[in-house]
Every structure is written in C-alpha cells, then in structure tokens.
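Student: Got a structure for you, questions after.
The values are calculated or read from the model by the stated rules, or taken from the named source; none is laboratory data. Since this is a predicted model, take the numbers as computed values, not measurements. All Cβ positions, even for glycine, are placed from backbone atoms using ideal geometry, and neighbour counts span all protein chains on display.
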Amino acid sequence: MSLTTWDAKRMAGDDQGPERHINIHFSPEIMAGVYANFANVSHSDYEFTITFARVDHEVEDDEIPGVVVSRVNLSPRFMRELIDAMEDNYSKWRTREGIKNLPEFGGEQPPQPQ
C-alpha cells in the first residue's frame, strides 16, 4: 500500500533543482491508523516528542485510565513544518464546515428574532 506522494521540494524548503516526490509505503495495519483523544507535547534542546493516547473520560476516579497508542519524536525544523501543515488543514476544515452550515447549503437555520 502506498500513501499519496508529497512534494519533497516544499518539505525541504528548496525551490531549486528537479522536482522530487516522496513515495511512502505502509502495511494495511498501519493504514488503519489508531485513535487518540489526548496528546502531550514535550521538548528537549534537540527534539520534540508528541505522545498520543486514548483515555477514558467516562471514568469518575481521580486517575483517568489511558493507553499510549503512539509516540513520535521530531526535529525542531520538522515540528515547524508539521505545525504549518496542521494550521493550513485546520483552516481549510473550518472554512468547509462554515460553508456547510450556511442556510443556502442546507445547514441549520439561525433562530428567528421574536
């Protein structure tokens, strides 16, 4: 199985030279992904670490049980690229969701003044 190719020049911040693409292959198990509803971000002088977990918010104990589903270490440069990509995608998602909720697109009608 392979993931859509990405523009390697953009990732490297290099607009010069021949266009190159990264072609990532992965197994069906990895393709299925894992669910996380909690993340913790930490850093050292050399790297950022994002720990993803699935926690049970329904539990009313003092300690909320959870299990780590993935942990990713990133260089500071890649962390910046990831933040930029997430901000871009989140902005596009918010725009699309906003359009869906407009009355002419079948969204909920705003309450009528009384």
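Student: Need the failing condition index for A36 against (1) part of a strand (DSSP E or B); (2) of a type in the set (A, V, I, L, M, F, W, C); (3) within 19 Å of A85 (Cβ to Cβ), just the number.
Tutor: If we test A36 against (1) part of a strand (DSSP E or B); (2) of a type in the set (A, V, I, L, M, F, W, C); (3) within 19 Å of A85 (Cβ to Cβ), just (1) comes out false.
Student: Given the conditions (1) of a type in the set (A, V, I, L, M); (2) surrounded by 12 or more Cβ atoms within 10 Å (Cβ to Cβ); (3) part of a loop (DSSP other than H, G, I, E, B), and given that V69 satisfies all but one, which numbered condition is not satisfied?
Tutor: Condition (3) is where V69 drops out.
Student: Would you pick out the residues in the stretch 14-63 that are among the small types (G, A, S) and farther than 26 Å from R77 by Cβ?
Tutor: Of everything in the stretch 14-63, those that are among the small types (G, A, S) and farther than 26 Å from R77 by Cβ turn out to be S27, A32.
Student: Also: Please count how many residues of the stretch 72-98 are loosely packed, with under 11 Cβ neighbours inside 10 Å and among the aromatic types (F, W, Y).
Tutor: Number of matching residues: 2.
Student: Are there any pairs, at least 6 apart or on different chains, whose C-beta atoms fall under 9 Å, with the first in the stretch 56-82 and more than 23 Å from Y35 (Cβ to Cβ) and the second assigned to a loop (DSSP other than H, G, I, E, B) and acidic (D, E), and if so, which?
Tutor: Filtered contacts from the stretch 56-82: S75/E47; P76/E47.
Student: Quick one: is R71 more than 15 Å from the chain's Cα centre (by Cα) and modelled with pLDDT of 95 or more?
Tutor: It is false that R71 is more than 15 Å from the chain's Cα centre (by Cα) and modelled with pLDDT of 95 or more.
Student: Can you tell me which condition G33 does not meet? The list is (1) surrounded by 12 or more Cβ atoms within 10 Å (Cβ to Cβ); (2) at positive phi; (3) not acidic (D, E), and all the others hold.
Tutor: Only one criterion in (1) surrounded by 12 or more Cβ atoms within 10 Å (Cβ to Cβ); (2) at positive phi; (3) not acidic (D, E) is unmet by G33, namely (1).
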